[in-house]
Amino acid sequence: MAFHRIVVKLGTSTLTVGTPHLSMPRMVDIARQLAALRAKGTGIILVTSGAMAAGRERLGFPSLPKGTPGKQMLAAIGQPRLMALYEQVFSMYGLIPAQILLTRADLADRRRYLNSRNTLTALLDHGAIPVINENDTVATEEIRIGENDNLSALVANLLDADLLLLLTDQVGLYTADPRSDPDAILVNEVSEPEIPEALWKAAGGTESGLGTGGMLTKLQAADLARRSGTTVIIASGEMPDVLLRAAAGETVGTRFLPVATSVESRKRYILAGGRASGAVRIDPGAVQALGRGSSLLPVGVKSAEGAFERGDSIRVLDPSGREIARGIANYGANELARLIGKKSEEIETILGFNFGDEVIHRNDLVIL
Ligand code: GLU
């Protein structure tokens, strides 16, 4: 099994090896494995915790009142420190880290979602390793995700990753809490379309030390990511060569099989998009082309109707006005108005920029 694009989520406990300090040997070991994967052409995205731990360390372990400002202060101090350590260990292996700080708001808004995707894709195309954390420093409760398990699942979805590897201080997911129940058994694989209720229950009580995520948020992340076509593995950061072994398809920890392809899941998103107020009317040639599975190009568009932005779900109408498809617009209504009937090669000249040849890419198109 070869994975092309892997999101690796590192929890605080993995980076500190259970101590109050970020562990350089651990980070070097991770960089070594990432370099081996990169050398095979695998795209790597890191989602990393540890900013607060680094901040706490840098401040000399102050005693702080509980609450958000204290944590945000620690993240503000620790995030650059964390990145400096990544820079240091990555450069030993010729890897290039790139910092990306996200919040829920960046991924919930379709335009910011697409923009994040473009930036991350450009980084991957240039062989860099995006190192992502939540933008903790000033984010308010409402726009925070709050832990990096769910953030990593959203990132896996954003980038169509085929593997999400959640590294933690546990061997994997157990049928019960292994610390209190001697009969707890490690779950090797979850292949059911819905994660069994018993596993949700078993995950409920497991919280681990410094980080904010426990087994429950890992299970939520697995649930989310597998629905967008990603295999998910929860495994221990202590296992030697865990990244290499998981990426090679070896059974490590708990594996969740995907329950949809990423294209299927995007199409569901399009149809679930609800109210699509904008529309494009297309010519008979384009109707035929869509029927053959092609993308919609500007040359086949007769008119753009209603107000819509790039990234909105829009209706595709045949010459008689009947809705024949729905899809995600690559260009907003105002831009599209200038592209009607034009060849895709002309887009750049007309608009001064280019989001691709297609008005709607076939992967973003559902024929009704
Ligand atoms: N963003 C937090 C940090 O870097 C960690 C969140 C988490 O533990 O999931 O410290």
Could you go through the range 144-158 and let me know if any residue there is assigned to a helix (DSSP H, G or I) and more than 12 Å from the chain's Cα centre (by Cα). no
Is it the case that the range 38-48 has a residue that's away from the ligand (no atom under 13 Å from the Cβ), within 22 Å of Leu151 (Cα to Cα) and polar (S, T, N, Q)? yes
Consider Arg81 carefully, then state whether it is assigned to a helix (DSSP H, G or I), in contact with a Leu (Cβ under 6 Å, 6 or more places away or on another chain) and within 12 Å of the ligand (Cβ to nearest atom). no
What are the residue pairs meeting all of these: first residue in the range 49-66, first residue without any contact (Cβ under 8 Å) to a residue 12 or more places away in the chain, second residue of a type outside the set (Val, Ile, Thr) and more than 8 Å from the ligand (Cβ to nearest atom), Cβ atoms under 6 Å, and 6 or more apart or on different chains? Leu64/Gly70
Evaluation of Arg315 against (1) surrounded by fewer than 19 Cβ atoms within 10 Å (Cβ to Cβ); (2) without any contact (Cβ under 8 Å) to a residue 40 or more places away in the chain (one fails), failing number: (1)
Under 24 Å from Ala202 (Cα atoms), within 16 Å of the ligand (Cβ to nearest atom) and in a loop (DSSP other than H, G, I, E, B) - does that describe any residue in the range 117-139? no
Sole miss for Leu167 among (1) surrounded by 17 or more Cβ atoms within 10 Å (Cβ to Cβ); (2) over 25 Å from Ala246 (Cα atoms); (3) of a type in the set (A, V, I, L, M) is condition (2)
Hey, Asn363 hits all of (1) surrounded by fewer than 19 Cβ atoms within 10 Å (Cβ to Cβ); (2) over 28 Å from the mean Cα position of the chain (by Cα) but one; which does it fall short on? (2)
If you check every pair at least six apart or on different chains, which have Cβ atoms under 8 Å apart with a residue in the range 338-356 that is in contact (Cβ under 8 Å) with a residue 40 or more places away in the chain and assigned to a loop (DSSP other than H, G, I, E, B) first and a residue that is surrounded by 11 or more Cβ atoms within 10 Å (Cβ to Cβ) and hydroxyl-bearing (Ser, Thr, Tyr) second? Ile340/Ser303; Phe355/Tyr331
Tell me, please, whether a residue that is in a helix (DSSP H, G or I), within 13 Å of the ligand (Cβ to nearest atom) and closer than 21 Å to Val17 by Cα can be found in the range 220-232. no
Which listed residue, of Lys302, Lys267, Lys342, is of a type outside the set (A, V, I, L, M) and closer than 28 Å to His4 by Cα: Lys267
With the requirement that a residue be under 30 Å from the mean Cα position of the chain (by Cα) and over 19 Å from Ser236 (Cα atoms), what does the range 177-202 give you? Ser191, Glu192, Pro193, Glu194, Ile195, Pro196, Glu197, Ala198, Trp200, Lys201
What about Arg144, is it modelled with pLDDT under 95, farther than 16 Å from Leu46 by Cβ, within 12 Å of the ligand (Cβ to nearest atom) and surrounded by fewer than 20 Cβ atoms within 10 Å (Cβ to Cβ)? yes
Scan the range 197-207 residue by residue and report those that are assigned to a loop (DSSP other than H, G, I, E, B) and either modelled with pLDDT of 90 or more or small (Gly, Ala, Ser) (or both). Gly205
Any idea which residue in the range 1-22 is surrounded by the fewest Cβ atoms within 10 Å (Cβ to Cβ), counting only those that are under 13 Å from Ile129 (Cβ atoms) and within 16 Å of the ligand (Cβ to nearest atom)? Leu10
Considering every residue within the range 101-112, establish whether at least one is at pLDDT 95 or above, polar (S, T, N, Q) and surrounded by fewer than 22 Cβ atoms within 10 Å (Cβ to Cβ). no
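Yes or no, residue by residue, for (1) over 16 Å from Ile367 (Cβ atoms); (2) in contact (Cβ under 8 Å) with a residue 40 or more places away in the chain; (3) part of a loop (DSSP other than H, G, I, E, B):
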site: Ala260; (1), (2), (3): yes, no, yes
site: Glu264; (1), (2), (3): no, no, no
site: Leu271; (1), (2), (3): no, yes, no
site: Ala286; (1), (2), (3): no, no, no
site: Gly293; (1), (2), (3): no, yes, yes
site: Ser303; (1), (2), (3): yes, no, no
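The values are calculated or read from the model by the stated rules, or taken from the named source; none is laboratory data. All figures in this text were calculated on a predicted structure; none of them were measured in a lab. Here the Cβ is made from the backbone with ideal geometry for all residues, glycine too, and neighbour counts use every protein chain on show.
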